[in-house]
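What follows draws every value from the coordinates through simple rules; no lab data is involved. Quick caveat, the model's predicted, so the values are computed rather than measured. Cβ placement follows ideal geometry from the backbone for every residue including glycine, while neighbour counts extend to all protein chains displayed.
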Amino acid sequence: MGFSYAPATTQVRTGVERATLARRTYGLVFLSVLVTMGGVAFAGTQPGLQQAVWAHPFLSFIAVIAPLFLAQMNARSFPRNVILTLLFTFVEGVYISPFLYLMQQQAPGAVGQAGILTFSAFGALSLYGLTSRRDFSAWGSFLTVGLFVLIAGMLINMFVASVGAYLWLSAVGVLIFSGLLVFDTWRFMRSGQFGQDDYVFAAVQIYLDLLNMFMFILSLLGGGRRR
């Protein structure tokens, strides 16, 4: 799920500083996506690894969170921050690979379609967040509440196992993470909470919004089957 960070830093005041932050952030986001794809491809050649991830989801989740935690602790220590962030995104690719494989088997072509839809939405929503003159600060609390409600609904549905509920939750998930993408884009560029050296904080937020939006879109296209 998404994370919200508010690093204590000097405000970005000039156009050059904003441009530097945006360039570093989106460069790391797109590199992270490529590394995640590499993690998925690597796991696809290792059936034993995929089975281990599927059989031990809690341990696999810990393996994903550990490099993320270290990356955030070293967020301003280059190049350690970038290396740890890319390690996190590679492990994330390994973690989601069994789900992607299952979805591809059950709904051929759904992964590619979800990727196209996600990046199309990402471009439109990011452009809106970057260029809009609106103040999106009020969205933060609303989306946070929505995220907790979504998590609660998913936990409940783990026991109910309703496909219809999965579809509704997936649709809500797409809406929430679309809103978070706009909010986080505005926050790192316009709120003054991020400096030009805080690109790891910003990139991780955008990456997680993008990844979760992709997973929920894929779940919708696959008929609500989500691990």
- Note on the structure: In the range 41-63, anything surrounded by fewer than 19 Cβ atoms within 10 Å (Cβ to Cβ) and among the β-branched types (Val, Ile, Thr) is listed as 45, 62
- Hits in the range 142-162 - residues which are surrounded by fewer than 11 Cβ atoms within 10 Å (Cβ to Cβ) and within 15 Å of residue 223 (Cβ to Cβ): 161
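Take residue 200 and decide whether it is β-branched (Val, Ile, Thr), touching a Lys or Arg at 6+ places or on another chain (Cβ under 9 Å), buried (at least 18 other Cβ atoms within 10 Å of the Cβ) and in a helix (DSSP H, G or I).
Working: β-branched (Val, Ile, Thr): yes; touching a Lys or Arg at 6+ places or on another chain (Cβ under 9 Å): yes; buried (at least 18 other Cβ atoms within 10 Å of the Cβ): yes; in a helix (DSSP H, G or I): yes.
When the stated conditions are applied, residue 200 passes them.
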- Could you tell me which numbered condition residue 133 fails, if it satisfies all but one of (1) free of Cβ contacts under 8 Å to residues at least 24 places away in the same chain; (2) in contact with a Leu (Cβ under 7 Å, 6 or more places away or on another chain); (3) of a type in the set (D, E, K, R)? (2)
- Pairs with Cβ under 8 Å, 6+ apart, first in the range 64-84 and among the polar types (S, T, N, Q), second surrounded by 19 or more Cβ atoms within 10 Å (Cβ to Cβ) and outside any loop (DSSP other than H, G, I, E, B): 72/200; 72/201; 72/204; 74/81; 74/84; 81/71; 81/200
- Query: Somewhere in the range 88-105, is a residue under 14 Å from residue 215 (Cα atoms), surrounded by 14 or more Cβ atoms within 10 Å (Cβ to Cβ) and without any contact (Cβ under 8 Å) to a residue 24 or more places away in the chain?
  - Reply: yes
